[in-house]
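Worksheet: the structure to be examined is printed underneath.
Every number here is computed from the coordinates shown, using simple stated rules; none is lab data. Here the structure is a predicted model, which is why all the values come from computation and not from measurement. Positions of Cβ are backbone-derived with ideal geometry, glycine not excepted, and every protein chain shown enters the neighbour counts.
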Amino acid sequence: MSIKENIERVERLKAEACRRAGRDPSDVLLVAVTKLHTTEEMNEAIDCGITDIAENKVQEIVRKYDEVKPARWHLIGHLQTNKVRQVIDKVCMIHSVDSFHLAQEIEKRAAQHDLVMDILIQVNVAKEESKFGIDEEDTDLLIREIAENCPHIRVKGLMCIAPLEEDPEDARPYFAEAKRLYDRYDVMDHTDRVDFQYLSMGMTNDFQVAIEEGSNLIRVGTAIFGNRDYRSEEK
Ligand SMILES: *Cc1c(COP(=O)(O)O)cnc(C)c1O
């Protein structure tokens, strides 16, 4: 299957899930996850209508950036504070903010570039020890700290990763929990600094379930580009 056919298939599955959930397919943003795929493949996807791409590593964004056609870049992986400055002027949104320490560094670099960075708070709904993301109970405080101290950051919503399960149905309760949390902030008055718009959840294996539970941004890699070759990963 070609990238074009794969994208068409993902769009079809996305539309079906939206129909089941009584939502408009245009309300769910498809972000193509391009980690470990070539810039040729990325440009092919962009030629097929992909507008948003995501990487999980700063080095990979920096390495590929100039070879890729215009698109909106998202950072979805864990971000170390010492790497923020390398991507601050390249990405449109950072999905993986899980500490005030990281937010402060984003604030500093965004201010230097005179820009406002959109971020999502990564929430560890499954409470997995190995996963990044903050506990649900701590989101209030983090959002408040950012709103009060970081004029160059806009909190645009939440991101979560469900535990990897064979059956996507097993992810449903985690997605439902993330949606409940999201709705708590979505009903708050939108301000310059806290303006909920995105609930980023759902990957190749579980994006239909995620949409049914309220996701409006899905991050899909394998279903578009095929399996990743981790042997090619740069050290
Ligand atoms: C790799 C990755 C994805 C995409 O995973 P697929 O299963 O290939 O669709 C989505 N989100 C994050 C945070 C990732 O690291």
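Quick notes on this structure:
- When you restrict to C-alpha pairs under 8 Å that are six or more residues apart and normalise by the size of the chain, the relative contact order lands at 21 percent.
- FRET E, pair HIS101, ASP135, Förster distance 25 Å, beta-carbon r, rounded to 0.05: 0.95
- The chain: most fluctuating residue of ARG19, ARG172, ARG109 per GNM, C-alpha cutoff 10 Å: ARG19
- Computed E for GLU16/ARG180 - FRET, C-beta separation, R0 35 angstrom, nearest 0.05: 0.90
- Modelled label positions at THR39 and MET1, each set 7 Å beyond Cα in the direction of Cβ, lie 2.8 nm from each other.
- The label-point distance for ASP24 and GLN59, in a model that sets each label 7 Å from Cα toward Cβ, rounds to 4.3 nm.
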